[in-house]
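Here's a structure for you.
The values are calculated or read from the model by the stated rules, or taken from the named source; none is laboratory data. A quick note: this is a predicted structure, and the numbers were derived from the prediction, not measured. Reconstructed Cβ throughout: ideal geometry from the backbone, glycine too, with neighbour counts over all protein chains shown. Areas reflect the complete protein model, heavy atoms only, side chains present, ligands, DNA and RNA absent. Shrake-Rupley method; radii C 1.70, N 1.55, O 1.52, S 1.80 Å.
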Amino acid sequence: MSAVLKEIPSAPTDAGIRFPAGAPADLIDPAAQVFLAGLHRRFEGERQARLAARRRRQAEFDAGALPDFRDDTRAIRDGHWRVAPLPAALLDRRVEITGPVDPKMVINALNSGANCYMADFEDSTAPTWDNLLTGQRALREAIANTLTFVGENGKCYELKPQDERAVLIVRPRGWHLDEKHVLVDGERLSGALFDAGLFAFHNATALAKQDRGPYFYLPKLQSMEEAQLWQQVLSHIETELGLPQGRIKVTVLIETLPAVFEMDEILHALKERIVGLNCGRWDYIFSYIKTFRRHRDRVLPERSQVGMTQPFLRAYSELLIQTCHRRGAHAMGGMAAQIPINNDAEANEKALARVRADKLREVTAGHDGTWVAHPALIPLAKAVFDERMHGPHQQHLGREEVIVERNDLIRPSLGSITRAGFENNVEVCVRYLAAWLDGNGCVPIHWLMEDAATAEIGRAQLWQWLHAADDGRCPLHLDDGTAIDDALFERALLNLPSRLAGQSIPGATRVPEAIAMLEELTRRDTLEDFLTLPAYERID
């Protein structure tokens with residue numbers, strides 16, 4: 001289903017790079033092609049080495065090993081050092097909105113009243129070729145103050161004056177994802193290098209003149225070495241584009257379990273450009289499940305019971321705050337995925353109360369800002385932080401009293417698996433995957449804005465619950481005593497179409513394909529690293 005690739009021969013284009021037929025000349029001009037090809041040839045070998053290291057490490061976890069702090073980097077953790085001073089535009093980040101990169105979202109997010117907008121090429125964007133190019137063009141036009149959008153109802157969306165907009169931060173895809181539409185010397189370009197490279201190539205100079213970056217959010221890192229690879233890439237980009245070293249600033253999402261043991265090391269690897277770490281809670285829960293996929297004693301309860309008050313998640317959050325503030329960096333809080341429930345005032349107020357309690361927990365713990373998925377939550381989150389955080393951040397709260405050890409970060413969780421929780425995992429996975437295959441990476445389901453990370457939790461839990469008896473022990477059970485086995489999973493899949501009948505859902509025509517994919521992935525002997533890897537081969 002991939003777009004037809006062709007070599008674009010016009011000089012000074014590198015003859016070894018191929019793009020889909022009809023690639024737009026305004027975005028993929030000859031100079032951009034040479035730039036992207038250079039990134040691939042310089043860094044692809046190291047990217048593959050880092051991915052191989054991930055596989056080796058996971059094999060150790062599957063064999064019974066537990067993650068821990070590194071002995072070889074103790075001097076970094078014990079040393080007295082701080083990251084470079086933070087730029088003025090990123091000093092106050094109390095509320096950030098996240099979302100995909102379509103033109104309407106870009107305008108609404110920049111106009112939303114949030115301090116920052118994370119424009120997401122990763123978990124909330126299905127990486128079709130059209131989506132990627134539309135997103136790159138929308139961001140370039142926003143930076144140039146020319147972006148407008150007219151909706152189907154004729155409503156025109158325009159940007160507010162620049163000084164009233166959120167600060168733009170771009171999240172490229174992670175190191176594990178390829179960009180199949182771009183081949184260099186016959187190899188797929190890294191999705192991370194395509195997203196970050198093309199954005200920087202077109203916008204870095206303009207953003208530097210505006211004193212607005214470029215700024216990036218870096219996802220899915222698992223080690224100091226992966227952060228070092230980003231440091232090398234961004235330094236190379238700065239050199240190629242004539243920017244001062246350290247001009248590009250980054251925030252790293254701590255959203256994998258291995259990375260929480262290397263937060264000092266990640267900050268140190270990027271210390272001339274890093275401005276903070278973020279509690280990417282949904283991916284972090286997914287990573288906990290994936291890391292311990294063969295550890296029956298660390299099976300998590302259903303997703304609704306895995307909140308930030310669980311001991312292993314509270315330890316993660318508090319250690320991140322302590323680490324960041326010790327090093328002069330921001331400690332960003334996590335996502336509120338709720339969206340307004342317009343037809344039920346009582347249910348809406350209960351949902352908002354949960355958001356309010358979560359943001360109060362974050363600001364009280366010492367976080368310097370937080371995330372929301374919907375503009376309607378910005379005033380609520382801002383009010384909570386304004387009441388408790390009187391300056392631009394809380395780095396004065398060092399949280400020296402926090403003591404977090406290895407076992408605190410991997411502590412098993414109490415809870416149960418209900419029939420409703422099991423069936424909800426099946427439904428969310430299928431509905432999200434169907435929408436993703438149809439080109440939509442950010443999907444409202446049961447009044448939550450679901451993205452790839454939340455779908456991954458459900459998928460990984462289903463796999464782990466169903467494979468818990470692989471070692472010959474008894475299967476896990478629901479709280480009503482029902483065995484969690486293939487028959488239970490089969491019934492949930494068979495009943496789902498009737499449950500969804502009559503509903504208007506994104507990607508409805510691809511629900512059968514999504515059901516088949518979820519069934520195949522869940523029955524595999526080995527948990528697929530990422531849902532989006534096999535799904536990517538099915539989109540244009």
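Here are some pairs, Lys359/Lys382; Lys104/Lys350; Lys104/Lys382; Lys104/Lys155; Lys249/Lys359; Lys104/Lys160; which of them have Cα atoms lying more than 19 Å apart in this structure? Display every interim value, and only then the final one.
On the way: Lys359/Lys382 9 Å; Lys104/Lys350 29 Å; Lys104/Lys382 23 Å; Lys104/Lys155 11 Å; Lys249/Lys359 26 Å; Lys104/Lys160 13 Å.
Pairs exceeding the cut-off: Lys104/Lys350; Lys104/Lys382; Lys249/Lys359.
For the range 324-450, which whole-number percentage of the solvent-accessible area (1.4 Å probe, protein heavy atoms only) is attributable to carbon and sulfur atoms? Can you show the working numbers first?
On the way: 2860 of 5260 Å².
Looking at the range 324-450 in its full context, I get 54 percent from C and S.
Still on this structure: Please list, in order along the range 80-94, the HN-Hα scalar couplings obtained from phi with the Karplus expression 6.51 cos²θ - 1.76 cosθ + 1.60 (θ = phi - 60°), rounded to whole Hz, x for Gly and Pro.
Calculated HN-Hα couplings, in order: 9, 8, 9, 6, 4, x, 7, x, 4, 5, 10, 6, 10, 10, 4 Hz.
Based on alpha-carbon centroids, what's the gap between the range 430-489 and the range 358-420 in Å, whole number please?
So the two Cα centres are separated by 26 Å.
I need to check one value: relative contact order of the range 166-312, counting alpha carbon pairs closer than 8 Å and at least 6 residues apart, in percent. Don't jump to the answer; show the numbers that get you there.
On the way: 199 pairs, mean separation 27.6, N = 147.
Reported relative contact order: 19 percent.
What number, in percent, do you get for the relative contact order of the chain if the mean sequence gap of Cα pairs under 8 Å and at least 6 apart is divided by its residue count? Let's see the in-between values first.
Working: 953 pairs, mean separation 87.4, N = 540.
Relative contact order for the chain comes out at 16 percent.
So for the range 66-183: antiparallel DSSP bridges make up what percent, rounded to the nearest 5? Please report the intermediate quantities before stating the final value.
Values: 3 of 12 bridges.
Bridges in the range 66-183 are about 25 percent antiparallel.
Now for a different question. Given the rule -39500 (n - 2.57) for each run of at least 4 DSSP H residues, summed and divided by the residues of the chain, what is its mean residue ellipticity at 222 nm, to the nearest 500 deg cm²/dmol?
Rounded to the nearest 500, the figure is -14000 deg cm²/dmol.
Here is a further query. How would you order 407-417, 174-184, 190-200 from highest to lowest mean count of nearby Cβ atoms within 10 Å? Could the numbers behind the result be given before it?
Working: 407-417: 16.1, 174-184: 21.9, 190-200: 26.0.
With the highest mean Cβ count within 10 Å placed first, the list reads 190-200, 174-184, 407-417.
Right, something else. How high is the relative contact order of the range 216-278, in percent, with contacts defined as C-alpha pairs under 8 Å that are six or more residues apart? Before the final figure, lay out each step's value.
Details: 86 pairs, mean separation 28.8, N = 63.
Contact order relative to length: 46 percent.
Report the paramagnetic label zone for Ala59: residues of the range 246-279 whose backbone N is under 20 Å from a point 7 Å from Cα along the Cα-to-Cβ axis.
Answer for the range 246-279: 258.
Also, quick follow-up: So who's got an amide H within less than 5 Å of the one on Leu218, skipping anything under 5 residues away but keeping other chains? H placed 1.01 Å off N, in plane.
Residues meeting the amide H criterion: Thr251, Val252, Leu253.
Compute the length gained on full extension between Arg499 and Lys350: take 0.36 nm times their separation in residues and subtract their Cα-Cα distance, giving the result in nm to one decimal.
Details: separation 149, 0.36 × 149 = 53.64 nm, distance 2.51 nm.
Net length gain for the segment: 51.1 nm.
So what J values fall out for the range 473-482 if you push phi through Karplus, 6.51 cos²θ - 1.76 cosθ + 1.60 with θ = phi - 60°, rounded to Hz, Gly and Pro as x?
Values per residue, Gly and Pro as x: 7, 5, x, 5, 10, 5, 5, 8, x, 5 Hz.
Under 5 Å between amide hydrogens, which residues at least 5 positions from Thr370 or on another chain qualify, with H placed 1.01 Å from N in the peptide plane?
For Thr370, whose amide H was placed from the backbone, the distant partners under 5 Å are Val95, Glu96, Gly333.
Okay, next question. Using a 1.4 angstrom probe, figure out how much accessible area the chain has per residue, in square angstrom, rounded to the nearest whole.
Details: 20540 Å² over 540 residues.
Dividing the accessible area of the chain by its residue count gives 38 Å².
Sort 332-343, 526-537 for me by packing, meaning the mean count of neighbouring Cβ atoms within 10 Å per residue, highest on top.
Details: 332-343: 20.0, 526-537: 17.1.
Put in order of decreasing packing, that is 332-343, 526-537.
Further question: Using DSSP, restrict attention to beta bridges with both residues in the chain and report what percent are antiparallel, rounded to the nearest 5.
Numbers: 17 of 45 bridges.
Taking every DSSP beta bridge within the chain, about 40 percent pair in antiparallel fashion.
Percent of accessible area on the range 143-251 owned by carbon and sulfur, 1.4 Å probe? The partial results should precede the final answer.
On the way: 1760 of 3980 Å².
Its accessible area is 44 percent carbon and sulfur atoms.
Applying a 10 Å radius around every beta-carbon, put 74-81, 517-524, 479-486 in order of their mean neighbour count, most first. Could the numbers behind the result be given before it?
On the way: 74-81: 11.0, 517-524: 17.6, 479-486: 13.1.
Highest mean packing first, the order is 517-524, 479-486, 74-81.
Sticking with this structure for a sec: Roughly how many Å is it from the Cα centre of the range 104-177 to that of the range 296-310, as a whole number?
Computed from Cα coordinates, the inter-centre distance equals 34 Å.
Right, another one. At R0 = 45 Å, how high is the FRET efficiency between Thr239 and Arg296 if r is their beta carbon distance? Nearest 0.05 is fine. Write down the numbers at each step before the final one.
On the way: r = 50 Å, r/R0 = 1.11.
That pair, Thr239 with Arg296, gives E of 0.35.
Work out, step by step, the length gained on full extension between Lys160 and Asp470: first 0.36 nm times the residue separation, then minus their alpha carbon distance; give nm to one decimal. Working shown, then result.
On the way: separation 310, 0.36 × 310 = 111.60 nm, distance 5.68 nm.
Contour length minus the Cα-Cα distance gives 105.9 nm.
Can you list residues from other chains, or at least 5 along the same chain, whose modelled amide H is less than 5 Å from the amide H of Ala468?
When sequence neighbours closer than 5 places are left aside, the close amide H contacts are Leu476.
If I stretch the segment between Ala31 and Ala52 completely, what's the gain in nm (0.36 nm per residue apart, minus their alpha carbon distance), one decimal?
Values: separation 21, 0.36 × 21 = 7.56 nm, distance 3.16 nm.
Stretched fully, the Ala31-Ala52 segment lengthens by 4.4 nm.
Please work out the C-alpha center-to-center distance from the range 28-82 to the range 216-236 and express it in whole Å.
The two parts, judged by their Cα centres, are 7 Å apart.
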